[in-house]
Amino acid sequence: MRRIGSKEGIRQFLLANVGRIVQSAELQAAANGASEFGSRTRELRDEEGWPILTHNDSAELRPGEYLLKELPPPKKDVKFARAISAKLRAEVLDRNGFTCQMCGLTPGDIDPSTERKVRLHIGHIVDKSLGGRDELSNLRTLCSTCNQGAKNITNEKPSGIWLLSQVRRAGRDEQLALYDWLKSKFG
Ligand SMILES: [Zn+2]
């Protein structure tokens, strides 16, 4: 089985099914039956920036379902999609404490809006289309939901006064959980 053939098969199949939810069996068939069709599909997403959603990204999808949401970016943008190296990714995750910078959820949490495990992405603060660059100061971690702009939360960090007011209103159990978290963070 030719490796290049399986990826090209997936490419053409997805392009012919933009906006339609497809099953993993269909993708595998498009990949000439290649068992690594999942990895090839992820490569299209991670290396070429194809907007391919799975059940991890959208509550409308079940495991084994894939959706190419819209036409993929033109090839000339591919080098931008690739530009965030694994090292830079790790630096952003580390600096942001593996926490979504908009809603504060972490990969251990269940996102209340999707009831799915939180998955983190690297997003641009100033969008690339507005001249934002692939560098540490312009990158931040976002969960899938915030990355899709689905949560209506302001970008601003909460002020100290607002934060304290929320903590004072919270119940004793929430305050104790916060206390434990702060203790573990600041030792
Ligand atoms: Zn979030």
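The values are calculated or read from the model by the stated rules, or taken from the named source; none is laboratory data. Predicted model only: the values in this text are computed from it and were never measured. Using ideal geometry, Cβ is built from the backbone for each residue, glycine included, and neighbour counts are taken over all protein chains shown. Remember, those area values only see protein heavy atoms, side chains included, never the ligands or the DNA or RNA. Shrake-Rupley method; radii C 1.70, N 1.55, O 1.52, S 1.80 Å.
Descriptive notes on the structure:
- Test: G33 is small (G, A, S) and either within 21 Å of the chain's Cα centre (by Cα) or not in a loop (DSSP other than H, G, I, E, B) (or both): no
- In this structure, G9 does not satisfy being small (G, A, S), surrounded by fewer than 16 Cβ atoms within 10 Å (Cβ to Cβ) and at pLDDT 90 or above.
- Picking from residues in the stretch 84-110 that are free of Cβ contacts under 8 Å to residues at least 24 places away in the same chain and part of a helix (DSSP H, G or I), the one that is farthest from the ligand (Cβ to nearest atom) is K87.
- When R45, R40 are checked against the criterion of being outside any loop (DSSP other than H, G, I, E, B), open to solvent by less than 40 Å² (accessible area, probe 1.4 Å) and within 22 Å of R89 (Cα to Cα), a single residue qualifies: R40.
- The residue that is least open to solvent (accessible area, probe 1.4 Å), among those in the stretch 123-145 that are of a type in the set (A, V, I, L, M, F, W, C) and either away from the ligand (no atom under 15 Å from the Cβ) or more than 26 Å from R62 (Cβ to Cβ) (or both), is L139.
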